[in-house]
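Scroll down for the structure; my scribbles are underneath it.
The values are calculated or read from the model by the stated rules, or taken from the named source; none is laboratory data. The structure displayed is predicted, hence computed values, not measured ones. Cβ placement follows ideal geometry from the backbone for every residue including glycine, while neighbour counts extend to all protein chains displayed.
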(Lines give C-alpha, C1' and ligand atoms only; values in the text may rest on other atoms or scores of the structure.)
Protein backbone atom coordinates (compact mmCIF):
# COMPACT_ATOMS: atom_id res chain seq x y z
CA UNK A 1 0.00 0.00 0.00
CA UNK A 2 1.34 3.41 -1.01
CA UNK A 3 1.91 5.97 1.72
CA UNK A 4 1.76 8.84 -0.80
CA UNK A 5 -1.18 11.16 -0.42
CA UNK A 6 -3.00 11.82 -3.67
CA UNK A 7 -3.95 15.46 -4.06
CA UNK A 8 -7.69 16.05 -4.16
CA UNK A 9 -9.55 19.29 -4.86
CA UNK A 10 -13.18 20.00 -3.97
CA UNK A 11 -14.94 22.77 -5.91
CA UNK A 12 -18.39 23.94 -4.81
CA UNK A 13 -20.33 25.38 -7.73
CA UNK A 14 -23.84 26.79 -8.25
CA UNK A 15 -26.27 23.96 -9.10
CA UNK A 16 -27.30 25.75 -12.33
CA UNK A 17 -23.67 25.53 -13.61
CA UNK A 18 -23.31 21.75 -13.01
CA UNK A 19 -24.69 20.93 -16.45
CA UNK A 20 -22.15 23.26 -18.07
CA UNK A 21 -19.25 21.55 -16.24
CA UNK A 22 -20.54 18.15 -17.39
CA UNK A 23 -21.37 19.18 -20.97
CA UNK A 24 -23.52 17.37 -23.53
CA UNK A 25 -23.03 13.64 -22.94
CA UNK A 26 -20.21 14.43 -20.49
CA UNK A 27 -18.10 16.10 -23.21
CA UNK A 28 -16.71 19.00 -21.12
CA UNK A 29 -15.97 16.81 -18.12
CA UNK A 30 -14.20 14.32 -20.41
CA UNK A 31 -12.19 17.10 -22.11
CA UNK A 32 -10.92 18.43 -18.76
CA UNK A 33 -10.05 14.90 -17.59
CA UNK A 34 -8.26 13.98 -20.84
CA UNK A 35 -6.36 17.27 -21.08
CA UNK A 36 -4.99 17.18 -17.53
CA UNK A 37 -4.96 13.48 -16.66
CA UNK A 38 -7.41 13.84 -13.78
CA UNK A 39 -10.53 12.05 -12.58
CA UNK A 40 -13.62 14.15 -11.82
CA UNK A 41 -16.52 12.98 -9.67
CA UNK A 42 -19.61 15.13 -9.41
CA UNK A 43 -21.72 15.15 -6.26
CA UNK A 44 -24.96 16.57 -7.69
CA UNK A 45 -26.73 16.51 -4.31
CA UNK A 46 -24.21 18.93 -2.75
CA UNK A 47 -23.16 20.59 -6.03
CA UNK A 48 -19.49 19.72 -5.54
CA UNK A 49 -16.90 18.58 -8.09
CA UNK A 50 -14.15 16.32 -6.70
CA UNK A 51 -10.92 16.25 -8.71
CA UNK A 52 -7.98 13.88 -8.23
CA UNK A 53 -5.20 12.39 -10.38
CA UNK A 54 -6.30 9.68 -12.82
CA UNK A 55 -3.13 7.66 -12.15
CA UNK A 56 -0.08 8.03 -9.94
CA UNK A 57 2.48 10.39 -11.41
CA UNK A 58 0.04 13.06 -12.58
CA UNK A 59 1.51 16.37 -11.38
CA UNK A 60 -0.48 17.98 -8.52
CA UNK A 61 -0.56 21.22 -10.56
CA UNK A 62 -2.85 19.43 -13.06
CA UNK A 63 -5.35 18.72 -10.28
CA UNK A 64 -5.22 22.39 -9.26
CA UNK A 65 -5.58 23.58 -12.88
CA UNK A 66 -8.64 21.34 -13.35
CA UNK A 67 -10.09 22.93 -10.20
CA UNK A 68 -9.45 26.40 -11.62
CA UNK A 69 -11.18 25.44 -14.90
CA UNK A 70 -14.23 24.21 -12.95
CA UNK A 71 -14.23 27.43 -10.86
CA UNK A 72 -14.04 29.54 -14.04
CA UNK A 73 -17.06 27.70 -15.47
CA UNK A 74 -18.84 28.21 -12.13
CA UNK A 75 -18.13 31.97 -12.39
CA UNK A 76 -19.89 31.99 -15.77
CA UNK A 77 -17.14 31.50 -18.36
CA UNK A 78 -18.02 29.26 -21.32
CA UNK A 79 -15.98 26.01 -21.18
CA UNK A 80 -13.85 26.88 -24.24
CA UNK A 81 -12.61 30.07 -22.53
CA UNK A 82 -12.16 28.31 -19.17
CA UNK A 83 -9.97 25.66 -20.85
CA UNK A 84 -7.35 28.38 -21.42
CA UNK A 85 -6.46 27.77 -17.75
CA UNK A 86 -4.98 24.39 -18.75
CA UNK A 87 -2.08 26.32 -20.31
CA UNK A 88 1.01 26.65 -18.14
CA UNK A 89 1.09 30.42 -17.62
CA UNK A 90 -2.65 31.15 -17.27
CA UNK A 91 -4.37 32.07 -14.00
CA UNK A 92 -7.85 32.87 -12.70
CA UNK A 93 -8.20 36.15 -10.78
CA UNK A 94 -11.42 37.07 -8.98
CA UNK A 95 -12.43 40.58 -7.90
CA UNK A 96 -15.07 40.52 -5.15
CA UNK A 97 -17.29 43.53 -5.84
CA UNK A 98 -19.10 43.19 -2.48
CA UNK A 99 -15.77 43.66 -0.72
CA UNK A 100 -15.15 46.87 -2.68
CA UNK A 101 -18.60 48.52 -2.61
CA UNK A 102 -20.65 46.61 -0.03
CA UNK A 103 -23.72 44.51 -0.75
CA UNK A 104 -26.16 47.27 -1.69
CA UNK A 105 -27.91 46.06 -4.87
CA UNK A 106 -27.92 49.59 -6.34
CA UNK A 107 -24.14 50.05 -5.76
CA UNK A 108 -23.41 46.63 -7.28
CA UNK A 109 -25.59 47.39 -10.31
CA UNK A 110 -23.89 50.77 -10.82
CA UNK A 111 -20.29 49.42 -10.67
CA UNK A 112 -21.14 46.45 -12.89
CA UNK A 113 -22.57 48.88 -15.47
CA UNK A 114 -19.30 50.88 -15.35
CA UNK A 115 -17.20 47.72 -15.80
CA UNK A 116 -19.33 46.44 -18.69
CA UNK A 117 -19.77 49.83 -20.33
CA UNK A 118 -22.22 50.83 -23.02
CA UNK A 119 -23.01 47.79 -25.20
CA UNK A 120 -20.18 45.91 -23.45
CA UNK A 121 -17.49 48.20 -24.84
CA UNK A 122 -15.52 48.82 -21.62
CA UNK A 123 -15.21 45.13 -20.77
CA UNK A 124 -14.33 44.30 -24.38
CA UNK A 125 -11.70 47.06 -24.54
CA UNK A 126 -10.01 45.87 -21.33
CA UNK A 127 -10.09 42.27 -22.62
CA UNK A 128 -8.53 43.25 -25.95
CA UNK A 129 -5.88 45.51 -24.41
CA UNK A 130 -4.80 42.91 -21.83
CA UNK A 131 -5.40 39.73 -23.88
CA UNK A 132 -7.61 38.36 -21.10
CA UNK A 133 -11.13 37.01 -20.75
CA UNK A 134 -13.38 38.87 -18.31
CA UNK A 135 -16.73 37.72 -16.95
CA UNK A 136 -18.89 40.05 -14.86
CA UNK A 137 -21.09 38.04 -12.50
CA UNK A 138 -23.64 39.08 -9.87
CA UNK A 139 -21.08 39.97 -7.18
CA UNK A 140 -17.68 39.11 -8.69
CA UNK A 141 -15.61 39.82 -11.76
CA UNK A 142 -13.49 36.88 -12.93
CA UNK A 143 -10.44 37.27 -15.18
CA UNK A 144 -8.46 34.65 -17.12
CA UNK A 145 -5.03 35.50 -18.51
CA UNK A 146 -1.30 35.37 -17.87
CA UNK A 147 -0.29 36.76 -14.47
CA UNK A 148 0.90 40.24 -15.47
CA UNK A 149 -1.96 40.95 -17.88
CA UNK A 150 -4.61 39.52 -15.54
CA UNK A 151 -3.31 41.71 -12.72
CA UNK A 152 -3.36 44.77 -15.02
CA UNK A 153 -6.99 43.96 -15.95
CA UNK A 154 -7.82 43.52 -12.24
CA UNK A 155 -6.35 46.93 -11.40
CA UNK A 156 -8.27 48.50 -14.33
CA UNK A 157 -11.52 47.04 -12.98
CA UNK A 158 -10.72 48.28 -9.46
CA UNK A 159 -10.08 51.76 -10.90
CA UNK A 160 -13.51 51.71 -12.60
CA UNK A 161 -15.11 50.63 -9.31
CA UNK A 162 -13.32 53.56 -7.59
CA UNK A 163 -15.03 55.89 -10.08
CA UNK A 164 -12.09 56.72 -12.35
CA UNK A 165 -12.94 57.80 -15.88
CA UNK A 166 -12.74 55.13 -18.58
CA UNK A 167 -10.14 57.18 -20.50
CA UNK A 168 -7.92 57.32 -17.38
CA UNK A 169 -8.20 53.54 -17.02
CA UNK A 170 -7.28 52.96 -20.68
CA UNK A 171 -4.25 55.28 -20.37
CA UNK A 172 -3.15 53.33 -17.27
CA UNK A 173 -3.46 50.09 -19.26
CA UNK A 174 -1.46 51.48 -22.19
CA UNK A 175 1.40 52.46 -19.83
CA UNK A 176 1.24 49.16 -17.94
CA UNK A 177 1.19 47.05 -21.10
CA UNK A 178 4.15 48.94 -22.58
CA UNK A 179 6.06 48.07 -19.39
CA UNK A 180 4.93 44.41 -19.56
CA UNK A 181 6.06 44.16 -23.20
CA UNK A 182 9.41 45.77 -22.30
CA UNK A 183 9.94 43.19 -19.52
CA UNK A 184 9.02 40.37 -21.92
CA UNK A 185 11.55 41.65 -24.46
CA UNK A 186 14.24 41.81 -21.76
CA UNK A 187 13.45 38.23 -20.70
CA UNK A 188 13.68 37.06 -24.33
CA UNK A 189 16.93 38.96 -24.79
CA UNK A 190 18.37 37.51 -21.57
CA UNK A 191 17.33 34.00 -22.64
CA UNK A 192 19.07 34.44 -26.02
CA UNK A 193 22.27 35.54 -24.29
CA UNK A 194 22.68 32.15 -22.58
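Out of 122, 82, report the one residue that is in the same structural domain as residue 141 (by TED's automatic domain parsing), assigned to a helix (DSSP H, G or I) and crowded, with 20+ Cβ neighbours inside 10 Å. Just a single option satisfies the conditions, and that option is 122. Could we say that residue 94 is crowded, with 16+ Cβ neighbours inside 10 Å, in the same structural domain as residue 181 (by TED's automatic domain parsing) and within 30 Å of residue 176 (Cβ to Cβ) here? Considered against the rule, which asks whether it is crowded, with 16+ Cβ neighbours inside 10 Å, in the same structural domain as residue 181 (by TED's automatic domain parsing) and within 30 Å of residue 176 (Cβ to Cβ), residue 94 comes out as no.
Being touching a strand residue (DSSP E or B) at 6+ places or on another chain (Cβ under 9 Å), more than 30 Å from residue 16 (Cβ to Cβ) and outside the structural domain of residue 24 (by TED's automatic domain parsing) is the requirement here; does residue 152 meet it? It is true that residue 152 is touching a strand residue (DSSP E or B) at 6+ places or on another chain (Cβ under 9 Å), more than 30 Å from residue 16 (Cβ to Cβ) and outside the structural domain of residue 24 (by TED's automatic domain parsing).
Of 37, 57, 76, all but one fail to be free of Cβ contacts under 8 Å to residues at least 40 places away in the same chain, out of contact with any helix residue (DSSP H, G or I) (no Cβ under 7 Å at 6 or more places or on another chain) and not assigned by TED's automatic domain parsing to the domain that holds residue 144; the exception is 57. If we scan the stretch 18-26, do we find a residue that is within 22 Å of residue 145 (Cα to Cα) and not assigned by TED's automatic domain parsing to the domain that holds residue 152? Yes, some residue in the stretch 18-26 is within 22 Å of residue 145 (Cα to Cα) and not assigned by TED's automatic domain parsing to the domain that holds residue 152.
Entry remark, the stretch 156-179: residues being crowded, with 16+ Cβ neighbours inside 10 Å and under 22 Å from residue 89 (Cα atoms) number 5 in total.
Of the listed requirements (1) more than 12 Å from the chain's Cα centre (by Cα); (2) crowded, with 22+ Cβ neighbours inside 10 Å; (3) more than 24 Å from residue 26 (Cα to Cα), residue 51 misses just one: (3).
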